[in-house]
Amino acid sequence: MNDPNNTILVAGASGVVGRRLCRLLIADGWRVTGTTRTPEKASELAALGVLPVVVDVFDAAALRQAVVDAQPTAVVHQLTDLPDGLDPAQMAEARVRNARIRDEGTRNLIAAAVAAGSVHRFVAQSIAFAYAPGPTPYVEESPLNLNSPDDGAALSARAVAHLERQVRESPFVGIVLRYGKFYGPGTGFDAPPPGGPVHVDAAADAARRALTHGTPGVYNIAEEDGTISSRKATEALDWAPVFRIG
């Protein structure tokens, strides 16, 4: 059981993974402050036992004040902006929005955590499907697809590289979780997709474990189907892809 006086700030708490992570953290005894962009979702977070804060990650001053006020010992970056069910018609615009979150949003969140003066650990969501074509299963040292001929794939890979570099160069214990392809409640996908899936409950559990386990660095978080190797996470974070919230 963690010290109940400790506070975790979950940025993107109203997202698919964020909501499930908050449930786990509260059950573990953490005080959880969670950010969202809308008052409606703030009410949903409050019902879970989260202290909600309505703030936009691109409003650097407001975000800084929110994190300073919360005085968290750790920050979990679960910010994304994706259409329901990953609607193909909306994904081109979503990639641009997510690239901005991963670059500018991460920069603002790290600066706010530094300003708080209380943060020791920073856990950030990344993706495990931005690797360049090559031998599988992909491991954390495999190169990202930065020079892909597909503009969307290259944009995503470069944004991932920006996010991960910022986290790893931060003054915190910086842990990057490269999540596989989500499925489960709230994702629009009931069955595991091919190419390195991960259930949202297992994804949330990985973030929970990264708050108390693991050394700084990058960890793949996906089921073993021959595409992605998550051996590092299973050993260092004591993580298991079969985890489900009861």
Quick one: pull the percent of accessible area on the chain belonging to carbon and sulfur, 1.4 Å probe, ligands and nucleic acids left out. 53
Compute log10 of I(q)/I(0) for the chain with the Debye formula, placing one identical point scatterer on every Cα and leaving out solvent, at q = 0.08, 0.12 Å⁻¹, to two decimals. -0.26, -0.62
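Note down the magnitude of the dipole of the chain about its Cα centre, charges +1 on Lys and Arg C-beta and -1 on Asp and Glu C-beta and zero elsewhere, to the nearest 20 debye. It would help to have the intermediate numbers written out before the result.
Numbers: 23 positive and 27 negative charges, 87 e Å.
Here the chain has a charge dipole of around 420 debye.
Normalized C-alpha radius of gyration of segment 68-168, against 2.2 N^0.38 Å?
The reported ratio for this selection is 1.19.
With N set to the residue count of segment 96-139, report its C-alpha Rg divided by 2.2 N^0.38 Å to two decimal places. It would help to have the intermediate numbers written out before the result.
Working: Rg = 14.5 Å, N = 44, 2.2 N^0.38 = 9.3 Å.
So the Cα radius of gyration is 1.57 times the expected 2.2 N^0.38 Å.
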Relative contact order for segment 163-237: what is it in percent, counting Cα pairs under 8 Å that are at least 6 residues apart? 32
Leaving out ligands and nucleic acids, note down the accessible area per residue over the chain with a 1.4 angstrom probe, in whole Å². 45
Compute the long axis of helix 151-168 from its Cα atoms, compare it with the longest principal axis of the Cα atoms of the chain, and write down the angle in degrees, 0 to 90, nearest 10. 50
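The values are calculated or read from the model by the stated rules, or taken from the named source; none is laboratory data. Model, not experiment: these values are computed from the prediction. FYI the Cβ positions are ideal-geometry reconstructions off the backbone, even for glycines, and counts take in every protein chain you see. For accessibility, only protein heavy atoms count, side chains too; no ligands or nucleic acids. Shrake-Rupley method; radii C 1.70, N 1.55, O 1.52, S 1.80 Å.
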